[in-house]
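Please read the structure below before turning to the comments.
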Amino acid sequence: MLIIQHNLFIWSGSSEKIISKKFGELVLMEYIWSFLEREWVDAADKSILDSQTKFDEVSNKVAKALKNTGGFLNELAGNEPIALPHTLWFGILDLAQNLIQRSSLIATYGLCYYLAIESLNRAPSSFIQFKSIELLLHLYNIDNKVFSMIEIDFDQYTQKLSENNLEDSLEKFRNLLTFVKEKYLEDLKILSNNTGKGKEGKGKNLNQNSYLKKEQISNSNILDVIADEITCPISSEPTDQLCILKCQHMLALSNLKKLKQKICPNCREKIEDNDIRYLPQNSIYKNLYTKFLNLDIFYLQLN
């Protein structure tokens, strides 16, 4: 994944503009979603309790070793390698966080938002909960208006734990949420002091007592932006098989094949076969299809 990300950044940032930044980010997001989809399936096949127990065992082992710093290396060398569960999952979420630091596209932010929400809802341990929370807080700091629903998401998650009578998990999550918020605030202060600009991102200043503005803003706006990015202008429907033309307009692969004239239906520019870039969005489309469908129903009800 790191190699894929590195190459996409180089190709989209080079003077030759081998690919557009938008195309590169959409390709990377599809890879991220496809890899995480496998992690979600693996997690669903295992007991959440077993995963958390494994995480706790490894965490306790590390903590025990750290108490004796003099023998720390011997402790590590004398036992089997310490490996936290779901490290690939954690690493992919970290890649997503790195991507949104580079990006300025709302669609990319939105895809990372749903990625974090899905990961939080499927998290088999506090290890993944931690990174999901951190990613969501980072998105809020980038744009607190677009992502003002994140505090509501946290409330809904705690409510779900409560409804399922998972009191122990509920207490752990609340403590973790408080810890990550405080840690993130401290990180922002350090970054602010280092840059000397006194800014904490595009969002408003954060504080521990009033972290996020509780404002009932529907996330349908974010979903609209994502849907627009993978919607064919001919069918006016999101699709999982897209092609990007040289003019940067998109078409569904099926509709491209049906064109009687090799001309972009948007700008009328001639389409050359060598200039067509294939953009599969299978994982993104499959995981967000229900949300797209519900969005259509929502708009029909409004009308």
*Residue check for ASN274: modelled with pLDDT under 85, within 18 Å of the chain's Cα centre (by Cα) and either buried (at least 18 other Cβ atoms within 10 Å of the Cβ) or not β-branched (Val, Ile, Thr) (or both)*: no
Those helices (runs of 4 or more DSSP H) completely within the stretch 94-176 that have 1 or more residues that are surrounded by fewer than 17 Cβ atoms within 10 Å (Cβ to Cβ) and either basic (Lys, Arg) or not assigned by TED's automatic domain parsing to the domain that holds VAL41 (or both) are 150-163
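To keep it simple, each residue is scored yes or no on (1) at pLDDT 90 or above; (2) among the aliphatic types (A, V, I, L, M); (3) over 25 Å from LEU191 (Cα atoms).
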| residue | (1), (2), (3) |
| --- | --- |
| GLY110 | yes, no, no |
| PHE127 | no, no, no |
| PHE130 | yes, no, no |
| PHE154 | yes, no, yes |
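Yes or no, residue by residue, for (1) assigned to a loop (DSSP other than H, G, I, E, B); (2) under 30 Å from LYS189 (Cα atoms); (3) at pLDDT 80 or above:
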position: ASN205; (1), (2), (3): yes, yes, no
position: LYS246; (1), (2), (3): yes, no, yes
position: TYR278; (1), (2), (3): no, no, yes
position: PHE292; (1), (2), (3): no, no, no
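The values are calculated or read from the model by the stated rules, or taken from the named source; none is laboratory data. Quick caveat: nothing in here was measured; it's all calculated off a predicted structure. Methodologically, a virtual Cβ is constructed for each residue, glycine included, from the backbone with ideal geometry; neighbour enumeration extends over all protein chains shown.
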